[in-house]
């Protein structure tokens, strides 16, 4: 190679060696740099060129098309240019398609050059295929449309196709039908998914055989130069968190299969993992083509991120520092606090955290979430509310506020300074500040420009004072400046090349323009009445085998399900029903409501009288887990048996099948007949006033449907107004707007406001909107106490 390298390459190699020495021994090599700063850009370019070639490293990274995209230990290089990747998560499956363009426009306007998305397997292949080579049930239209639209907005894309995504999403992205493929005997008795079990890996290849060809044709390597496309593809997600902990060999085996499947299906952009230490420093030729990244959700404890960044750099010295998930907010859980009510998610925090990772040399960052959206229907993971608002910079309804203004300001800064920051290096300094909690870190760009990162870790008080910064190499004179920081404030003092006077510097990022809101908005609409109908139950029943869960019965969603058992006994008995802990069962015996205890455990029990009786059960699936062992638990009533024991949570399961009870399964009549559709004729339903209690007759309906109607005024020209439903109800259930599922209602809260996408609303006099709810009763029955449709006043915009 030494004899065949062209002169320019050899010059770069020699220059790179000298630059490495200059950085390592500044006191010796520093004088030429001070005398001729024009050398710096050439030398930094030489360093980038040599690193992409793999020179100076023990084991080279492999790039399919290094002339189009490659990376070194500092940044991505795309079409020969070093690029700072400023990205944010936008899950297309959490937003109605007609609203995608609005979200993309806001992302682009804020200065982002990239978006990131998961690709949930279970969203795209909802029904079980016949076999590994059957792709007839796969529909990747949403992904294709999303990628096309992202490219039309000039955005790069980072794709995370699983097979495991977590994402607070149903079963972590795995289809429910996949659990039916689990062999009776597996290598790791406690866990099957995410292992190197051959059956599991075969189905992973099935998924990659379907999704990777779509990803492949949108890669930047398949686009003309200068055209955006996919730049990175993730294989595993937070693998270090899997429980029980898997041997590293098992983890690497799965990663190798995924990497091979990706490459076989045309993936040629760089591959990465997230929080997967097994990849760091791996010597396997295939795994060497994968780099690892971090996730950070520190709230106020931003300084605690330092150790993880340093560890990533120590363990992986030849890849850029990347945060796949930089805190853009946090999710809300049933019974907890809404995202916007949680501490540590302020506008100052997102600015402080971003500048902190920048001062540490990060050049690929992705906010999770940039736009959160909604968990539609029953797709949320167990314990998650319908809103996935996240208090993200772009809110669930599409509105923006102070957190968006901060990332907008950062985006404008990175548009100008990103090309310099990607090659900026940390400078060893001595610093002094007026307060101990105020720190200053310096980075020097290739052109000689200097960036002084000034921040405070104090989030209760503002900070004012002065600082002095001296470079230990003596290459530049000491810099003195005054600072003024808000609580948890962070700023950058930028000194252009050749400028040594802080007074001639520039403070970054510059503040975003103020947001002006419309003063006149439509009035709220209070809904005073509804139509109500008890669900009569299934129109047909399917006999189940013992241990057969919902997936085995061909039911892939998480809505309520009915079960029926016919029992004959000479004595009063207890009927014990096994199901996942946290799910609930309501019972009627011979048409009368019967107390059923044990909703929060894995066993529900009710009394059945002597003689012949029919027991009908309503089972509420409270969502599928999205991580670890629980993710593989089957859903539904898995077995039922009679016992003489007094109902208690310690009822032993009898040996054999002597007391086993055969169950039949059926879907609610309202589900079978889609009672949520607007054209449903509901004139024969009972009219009830909102705020009245549920009927008290026995039996109390196990599942009750409500239909509400309202009209909205025509939109005001030049003003965009998002709408929400403010609902207070008794019971748990599902909600539908004009035939579209808008999520799940939990009586426990905390969510009481639900986004009503404008693309699904009808506007103007005489144009009716239909809201449908199905509620299963809790202690106070099933009823609607109040329902108001109103504008999101805080997010209305002039347009």
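Where a number appears in this text, it was derived from the coordinates with a stated rule and is not lab data. From a predicted model like this one, the values you see are computed outputs, not experimental measurements. As a convention, Cβ positions derive from the backbone with ideal geometry for all residues, glycine included, and neighbour counts pool all protein chains shown.
What is the ratio of the Cα radius of gyration of the range 81-416 to 2.2 N^0.38 Å, with N the residue count, to two decimals? Spell out each step's value before the answer.
Working: Rg = 19.0 Å, N = 336, 2.2 N^0.38 = 20.1 Å.
Its radius of gyration relative to the 2.2 N^0.38 Å reference: 0.95.
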_Show log10 I(q)/I(0) for the range 426-508 at q = 0.11 Å⁻¹, two decimals, from a solvent-free Debye sum over equal Cα scatterers._
-0.26
*What percent do you get for the relative contact order of the chain when only Cα pairs under 8 Å and 6+ apart count?*
12 percent
*Round to the nearest 10 and give me the degree value, 0 to 90, for the angle of helix 305-315's Cα axis relative to the longest principal axis of the chain.*
70 degrees
*Length gain on complete extension for the stretch residue 760 to residue 310, per 0.36 nm per residue less the alpha carbon to alpha carbon distance?*
157.2 nm
*asked:* Tell me the Kirkwood radius of the range 222-368: reciprocal of the mean inverse pair distance over distinct alpha-carbon atoms, in Å.
replied: 16.9 Å
*Could I have the simple spin-label model distance between residue 97 and residue 126, label points 7 Å from Cα toward Cβ, reported in nm to one decimal?*
1.3 nm
*Want the number for residue 752 to residue 415: 0.36 nm per residue separation, take away the alpha-carbon distance, what's left?*
117.4 nm
*Once you have the Cα-Cα distance between residue 184 and residue 64, take 0.36 nm times their residue separation minus that, and quote the gain in nm to one decimal.*
39.1 nm
*On a 0 to 90° scale, report how tilted helix 100-109 is relative to the longest principal axis of the chain, with both axes built from alpha carbons and the result rounded to the nearest 10.*
20 degrees
*So, in nm, how far is label residue 245 from label residue 692 when the simple model puts each one 7 Å beyond its Cα toward the Cβ?*
6.1 nm
*Roughly what angle does helix 39-53 make with the longest principal axis of the chain, taking Cα atoms, 0 to 90 degrees, to the nearest 10?*
50 degrees
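May I ask for the percentage of alpha-carbon pairs in the chain that lie more than 43 Å from each other?
Working: 117227 of 318801 pairs.
Pairs farther apart than 43 Å: 37 percent.
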_If you wrap a convex hull around the alpha carbons of the range 538-667, what volume per residue comes out, as a whole number of Å³?_
107 Å³
*Obtain the nm distance between the two label points defined at residue 717 and residue 134 by a simple spin-label model: each point lies 7 Å from its Cα along the Cα-to-C-beta direction.*
5.7 nm
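I'm a student and want to see the number: the projected area of the Cα convex hull of the range 584-642, averaged over all directions, in nm². Mind showing how you got there, number by number?
Numbers: hull surface 17.8 nm².
Orientation-averaged projected area of the Cα hull: 4.5 nm².
Which ordering of 507, 177 is given by a fewest-first count of other beta-carbon atoms within 10 Å? Before the final figure, lay out each step's value.
Numbers: 507 16, 177 20.
Final ranking by Cβ density, sparse to dense: 507, 177.
Would you calculate a helix-derived [θ] at 222 nm for the chain, using -39,500 (n - 2.57) for each DSSP H run of n ≥ 4 and dividing by the full residue count, to the nearest 500?
Numbers: 12 runs with 154 residues, N = 799.
Helices in the chain give a 222 nm mean residue ellipticity of -6000 deg cm²/dmol.
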*Relative to the compact-globule scaling 2.2 N^0.38 Å, provide the ratio for the alpha-carbon radius of gyration of the range 475-613.*
2.35
*Whole-number D in µm²/s for the range 90-223 (Stokes-Einstein; Kirkwood sum over Cα pairs; 37 °C, 0.692 mPa s)*: 204 µm²/s
*Grab the beta carbon distance between residue 484 and residue 521, set R0 = 45 Å, and tell me the FRET efficiency rounded to 0.05.*
0.80
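Hey, with R₀ at 41 Å, roughly what FRET efficiency would residue 435 and residue 337 work out to, going by the Cβ-Cβ distance, to 0.05? Write down the numbers at each step before the final one.
Values: r = 31 Å, r/R0 = 0.77.
That pair, residue 435 with residue 337, gives E of 0.85.
Averaging the inverse of every distinct alpha carbon separation and then flipping it gives the Kirkwood radius. What is it for the range 288-436, in angstrom units?
On the way: mean 1/r = 0.0590 Å⁻¹.
This gives a value of 16.9 Å.
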*asked:* Compute and list, largest first, the equivalent-ellipsoid semi-axes of the range 378-491 from the alpha carbon gyration tensor, each √(5λ) rounded to a whole angstrom.
replied: 36, 19, 13
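Any idea what diffusion coefficient the range 157-235 gets from Stokes-Einstein, in µm²/s, Kirkwood Rh on alpha carbon pairs, 25 °C, 0.890 mPa s? It would help to have the intermediate numbers written out before the result.
Values: Rh = 14.3 Å.
Rounded to a whole number, D works out at 171 µm²/s.
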